[in-house]
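The values are calculated or read from the model by the stated rules, or taken from the named source; none is laboratory data. Computed from a predicted structure; not experimentally measured. Ideal geometry is used to build each Cβ from the backbone, glycine not excepted, and the neighbour counts take in all protein chains shown.
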Amino acid sequence: MNMYSAIILAFTLSLQSPACAEPIQTNATDQIDLPTYSPPQIYQDQVVVRATTTTQAQLDALLPLTESVWSEATGVGPLDIQIKRINLDALAELNIPYETLIDDLQTHTNDRWSQVIDTHRQQIQQQAQQENQAGAPIHDDAWFSNYKQLNDIADHLNNIITLRPDLASVFIAGQSVEGRDIFGITISAPDTAENPRANRPVIFLFSTVHAREWIAPMTTSYFASKLAQDYDTDPRVQSLLDATRIYIVPVGNPDGYLYTWSHQRYWRKNRRNNNNGNFGVDINRNWSHQWGGPGSSGSRSSETYRGPSPFSEPETRALRDTALSFGSDLLAHIDYHSSGQLILYPQGYTHTPIDEPDLTFFRELTLDLSNEILSVNNQYYDPIPSSGLYLASGVSPDWFYNEHGVTSLTIELRPQGGDFNPTPQVILPNAQENYQALKRYIEHAIEPFATWHHPTPVALPGQSIELETFFTDNLESLDPTSPTIYTRTSSSDPYTPTPMLADPNAQITQRYTHDTDPIECGTILEYYIQASSINGSIMTLPAAGPIAPYSTEPQEPVTYHTEDIESNTGWIVGHPSDTATSGIWSRIDPQPVPHDETRFLQPDNDHSPHGSICFFTDGIAGATPNDNDVDGTTSLISPRIDATRADDTYVTFWYWFYRSIQFFDVLEVQISNDDGSTWSPVREYIHTGFEWDQASIHIPSFIEPTNQIRLRFIAVDAQADHIVEAGIDDLQVTYLGCPSTNQADLNHDGVLDFFDIQSFLTHYSNNNPIADFTGDDETDFFDITAFLTAYSN
Ligand code: 0X9
Ligand code: ZN
């Protein structure tokens, strides 16, 4: 062990003993007297606009004119920028259209400042009244009714450790450029002989490496006091804190944070003096993994200046060293930012996705967290890879995940649009919804060695299926030879054990598979999985093993209604409530519109392998991307669907969605069971995938099935300068069952009749592969003969 690790180790050990916890020292000169302080009026004659560039040259000319980029994404297209009003003329000269978001930045900032001061006054009064009765409680929602200065945040943590030294202690992660302590708090159940703290794995959370993101330290401060408060009353929190140590650093960039209170509300970086009058390094471009790559700047004046070398900044080093001090105890990490309502998983420096099965692991995890958040205040957080937002290199999760195999996320808090000044009323609901997600995140992290199994895939009659299961080493390592599957096809038989096959390992997740024997229709396969750690802990999936196993019954998706859009079978474009003036849905072979060198915002082709037509919002390319896109709302209504043939009827369809900006722009899907008189919401697509994506909707989950079902697809473009493109193709209606044995029973109703002939002829004339009865990839005369032969049997 070198000297350095020895110090780290000693430091870590000291954290484990709450008796050593000294309160965080605050510096009175760091505190502003809110009612009397007047921040310098430096935003006079500045505005925030959304400028839309169409070429890299325009963007290159634009950036030097800006004071700061507010959008999460810097790229050609719409960009939110802070800019001097006098520079707007230059935008006009550069032919860059813009729309004003904040007309007078100084007034806006002053308005918010007065809000903070008014709330502060009220709070002081309330506190004075309360303190006459009792001391400050460990957690008080009222504290979250306003933004708090650095010292207040330190006091908040100090209050927690004073009231609950058995649960919490504070620590210093390191010092900032200007020498301030980067403080944090550890929350964990009391240290006991049976469950020593030192054995518990660590969840590491930090926030506010970007100074202006004021909602972030409020969120993580909420976690600290709320966890401590809930420990006594909420068994769920108790078991989480029994199992882990939660380390929270609310303000990763204390110098910058103070500077946003005292000098520049919209300061982002740390306060490094870069000389030449330039200050600040972006701490979230200063981590070593792929440092210097795309989405970071080598220019000292840039908002995303990466610093002279990886970990050049003491703030980044403090967070890194804290993480390293946990060694292999570190299970999971989150870096909280604002804004945009996003749950970002690795990686950020490249569009190349991470390897499977980690990718599936992160997708499922973040979708789950998004649903947790949604359940609290109905706020949607988009779970996407960070590169889906924009490329950024030297960001923290890339380091945690790629260099250390630690599950790691960036969460962009409220609001949805890029405002660093949401009103103080947003603090509490934002914290509450994220607290809900945090609890789930910790639960995912602490299974002894996390294992999960996908919902059993549907077995096709007479075919083998691949069952898969996943393991993530947490506290203990999986014995790689141990995963075994136990199967049987009759409940009176014993189970047969078979070792599962290991797939090549990814960074954090190991996948094991088993191919079953072919399963006949009418047979039920029951199975469970067992594995052990190298320490001998046994994990059974599902937990009750042979007593309540997983089961699967072969079922085939039986498609009895197909709409390939090659002919119009009753689709309706338009609804009285539509407002779109352009970009109206039409049946068309879409014309390609490039987004960048490799991707299209409007595709070259429809989705069907045969044919070329789909529904698209206009679908003509136009002179610029913003021509012929949707402005307003436009509705497309499907033909009538009969959903009464089976209990579980699904509609699947392929959709395209592109939007140029995170805003209210969306592709909404609604469902009706009364032929379009009334509509209920089904889905909202907001993520740009640059490809056709398949959606599957289980009708009974949304509406009472009838034979009068219709779907309505509404493309919404909230603002004319946004680009929105949407497409729909290949809609099918399907149920799961054992299929009819006669191939000519095309509508799968068990009878051969006129409807099957009609269906055959429609498919035949559309060259639909369903009409390819001879299976030679062509629809020709021989298929008619083959159909008639099958029909007459
Ligand atoms: O740019 C950042 O550091 C984060 N966004 S913020 O608006 N808070 O500055 C997001 C980083 C996420 N990573 C990638 N987009 N690659
Ligand atoms: Zn940020």
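Observations on the model:
- Qualifying residue in the stretch 368-377 (condition: aliphatic (A, V, I, L, M) and surrounded by 21 or more Cβ atoms within 10 Å (Cβ to Cβ)): yes
- Scanning the stretch 58-77 for residues that are modelled with pLDDT of 85 or more and buried (at least 16 other Cβ atoms within 10 Å of the Cβ) yields a total of 11.
- Residues that are more than 16 Å from ligand 1 (Cβ to nearest atom) and out of contact with any helix residue (DSSP H, G or I) (no Cβ under 6 Å at 6 or more places or on another chain) were ranked within the stretch 250-259; the one that is nearest to His333 (Cα to Cα) is Asp255.
- Selected residue [outside any helix (DSSP H, G or I) and surrounded by 15 or more Cβ atoms within 10 Å (Cβ to Cβ)] from Leu101, Leu91: Leu101
- Boolean, Gly394 is at pLDDT 95 or above, within 30 Å of Thr598 (Cα to Cα), within 16 Å of ligand 2 (Cβ to nearest atom) and not in a helix (DSSP H, G or I): yes
- Ser262 touching a residue at least 12 places away in the same chain (Cβ under 8 Å), within 16 Å of ligand 1 (Cβ to nearest atom) and of a type in the set (Gly, Ala, Ser): no
- Residues located in the stretch 506-522, provided they are surrounded by 15 or more Cβ atoms within 10 Å (Cβ to Cβ) and not aliphatic (A, V, I, L, M): Gln507, Thr509, Gln510, Arg511, Tyr512, His514, Thr516, Cys521
- In this entry, Arg300 is excluded by the filter for residues that are among the basic types (Lys, Arg) and within 16 Å of ligand 2 (Cβ to nearest atom).
- Residues satisfying the stated conditions in the stretch 644-693, i.e. over 23 Å from Phe616 (Cβ atoms) and touching a residue at least 60 places away in the same chain (Cβ under 8 Å): Thr644, Arg645, Ala646, Asp647, Asp648, Thr649, Tyr650
- Failed condition for Ser660, given (1) surrounded by fewer than 22 Cβ atoms within 10 Å (Cβ to Cβ); (2) at pLDDT below 90: (1)
- Yes/no for Gly280 being within 27 Å of the chain's Cα centre (by Cα) and within 14 Å of ligand 2 (Cβ to nearest atom): no
- Scope the stretch 276-298; condition part of a loop (DSSP other than H, G, I, E, B), touching a strand residue (DSSP E or B) at 6+ places or on another chain (Cβ under 6 Å) and either under 21 Å from Asn402 (Cα atoms) or not aliphatic (A, V, I, L, M) (or both); matching residues: Asp282
- Within the stretch 481-497, residues that are hydrophobic (A, V, I, L, M, F, W, C) sit with their Cβ atoms under 6 Å from residues that are not in a strand (DSSP E or B), at 6+ positions apart or across chains, in these pairs: Ile485/Met500.
- Enumeration of residues in the stretch 270-312 that are more than 13 Å from ligand 1 (Cβ to nearest atom), of a type outside the set (Gly, Ala, Ser) and surrounded by fewer than 16 Cβ atoms within 10 Å (Cβ to Cβ): Asn273, Asn275, Asn276, Asn278, Pro308
- Pair list, Cβ under 8 Å, 6 or more apart: the stretch 103-125 residue more than 16 Å from Pro35 (Cβ to Cβ), other residue surrounded by 16 or more Cβ atoms within 10 Å (Cβ to Cβ) and among the basic types (Lys, Arg): Thr109/Arg265
- Members of the stretch 397-413 found to be within 29 Å of Tyr512 (Cα to Cα) and either near ligand 1 (Cβ under 10 Å from one of its atoms) or not in a helix (DSSP H, G or I) (or both), listed by number: Pro397, Asp398, Gly405, Val406, Thr407, Ser408, Leu409, Thr410
- Pairs with Cβ under 7 Å, 6+ apart, first in the stretch 199-213 and under 15 Å from His444 (Cβ atoms) and more than 8 Å from ligand 2 (Cβ to nearest atom), second part of a strand (DSSP E or B) and of a type in the set (Asp, Glu): none
- All told, Asn274 falls short of being more than 27 Å from the chain's Cα centre (by Cα), under 28 Å from Ile161 (Cα atoms) and in contact (Cβ under 8 Å) with a residue 12 or more places away in the chain.
- Filtered residues of the stretch 777-793 (kept if surrounded by 11 or more Cβ atoms within 10 Å (Cβ to Cβ) and over 15 Å from Leu746 (Cβ atoms)): Glu778, Asp780, Phe782, Thr785
- Residue match in the stretch 308-325 (condition: within 14 Å of ligand 2 (Cβ to nearest atom), touching a helix residue (DSSP H, G or I) at 6+ places or on another chain (Cβ under 6 Å) and not in a helix (DSSP H, G or I)): no
- The stretch 347-389, subset assigned to a loop (DSSP other than H, G, I, E, B) and over 27 Å from Thr469 (Cβ atoms), residue farthest from ligand 2 (Cβ to nearest atom): Asn378
- Boolean, His763 is part of a loop (DSSP other than H, G, I, E, B) and not basic (Lys, Arg): no
- Condition met for Ile565 (out of contact with any helix residue (DSSP H, G or I) (no Cβ under 9 Å at 6 or more places or on another chain), within 30 Å of Gly737 (Cα to Cα), among the hydrophobic types (A, V, I, L, M, F, W, C) and in a loop (DSSP other than H, G, I, E, B)): yes
- Residues of the stretch 183-212 satisfying the condition of being within 13 Å of ligand 1 (Cβ to nearest atom) and more than 21 Å from Ile24 (Cβ to Cβ): His210, Arg212
- Among residues of the stretch 201-241, those that are in a helix (DSSP H, G or I), at pLDDT 95 or above and out of contact with any helix residue (DSSP H, G or I) (no Cβ under 7 Å at 6 or more places or on another chain), counted: 5
- Considering residues of the stretch 570-588 that are out of contact with any Phe, Trp or Tyr (no Cβ under 9 Å at 6 or more places or on another chain) and exposed (fewer than 15 other Cβ atoms within 10 Å of the Cβ) only, the residue modelled with the lowest pLDDT: Thr581
- Going through (1) touching a Lys or Arg at 6+ places or on another chain (Cβ under 8 Å); (2) within 12 Å of ligand 1 (Cβ to nearest atom) one by one, Gly340 falls short only on (1).
- Filtering the stretch 530-562 to residues that are farther than 26 Å from Leu736 by Cα and either modelled with pLDDT of 90 or more or not in a loop (DSSP other than H, G, I, E, B) (or both) leaves Gln530, Ala531, Ser532, Ser533, Ile538, Met539, Thr540, Gly545, Pro546, Ile547.
- Test: residue in the stretch 21-37 that is within 27 Å of Pro196 (Cβ to Cβ) and modelled with pLDDT under 90: yes
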